[in-house]
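Have a look at the structure below, then the notes.
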Amino acid sequence: MLVSEAPEDAAPTVKKAKRPLWIAVVGLVLGAVALWGSSQLVWFAEFRDGGVRGAVQYTETGSERAVALIPLALLALAGTAGLIATGGWPRRVLGVVLAVAGVAAVWVGVVGGSFGGFADGLPVAQMLGARGLAILGGILVTAGGLAAIKGAGRMPRLGAKYAAPGTKKRAAKDPETELWEALSEGEDPTATR
């Protein structure tokens, strides 16, 4: 009965080791999607004088107003691939880069925007939603980066199952050295020959 419990206890350990990796990956992918989606929404709108046409609504999307959104989304996607492929210190460094990129995305979402005093007829909900989506994406990318930093040593690594075991391999010894070691241990080295 005790023998059957050991494999069951081992399975949750493996699942727990993989869980932080997938949490970080999902956070980074969702953050990248949120940043890209935010870049496609209206970030700025105002009425301008259109001459004969009267007042014309002028709008700018996130990719026009906050040009860092798409590069930050691409960095988060590339960071996802890097997070899966690396391990140890490179994964921690990548986590720091991603956390800083997430903070930059939050900064882009907060700075330069007004959260009130809009004229009637402007797409206020879309403008506020776009900034909120950028802030949410930045928070998700930051969380993914921090998860990568925290769990870098525990998370599985791409190709780790093909790596050599942790034990050191015995180097091939000289046959004469093996004979002398057998004599030192009190064995007859010629008995097996």
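The values are calculated or read from the model by the stated rules, or taken from the named source; none is laboratory data. The model shown is predicted, which means the values in this text are computed figures rather than measured ones. Heads up, the Cβs are rebuilt from the backbone with ideal geometry, glycines too, and the neighbour counts pull from every protein chain shown.
So which residues in the range 28-54 are modelled with pLDDT under 80 and more than 40 Å from the chain's Cα centre (by Cα)?
Those that are modelled with pLDDT under 80 and more than 40 Å from the chain's Cα centre (by Cα): Phe47, Arg48, Asp49, Gly50, Gly51, Arg53, Gly54.
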Review point. Among the helices (runs of 4 or more DSSP H) confined wholly to the range 57-113, which include 3 or more residues that are in contact (Cβ under 8 Å) with a residue 12 or more places away in the chain and of a type outside the set (Gly, Ala, Ser)?
Key: 69-85, 89-110
**Study point:** Residue pairs meeting the criteria (Cβ under 8 Å; at least 6 apart or on separate chains; first touching a residue at least 60 places away in the same chain (Cβ under 8 Å), in the range 132-150; second of a type in the set (D, E, K, R) and assigned to a helix (DSSP H, G or I))
**Key:** Ala148/Arg91; Ala148/Arg92
Practice item. Identify, by number, the condition in (1) in contact (Cβ under 8 Å) with a residue 24 or more places away in the chain; (2) surrounded by fewer than 14 Cβ atoms within 10 Å (Cβ to Cβ); (3) part of a helix (DSSP H, G or I); (4) not polar (S, T, N, Q) that Glu46 doesn't meet. Key: (3)
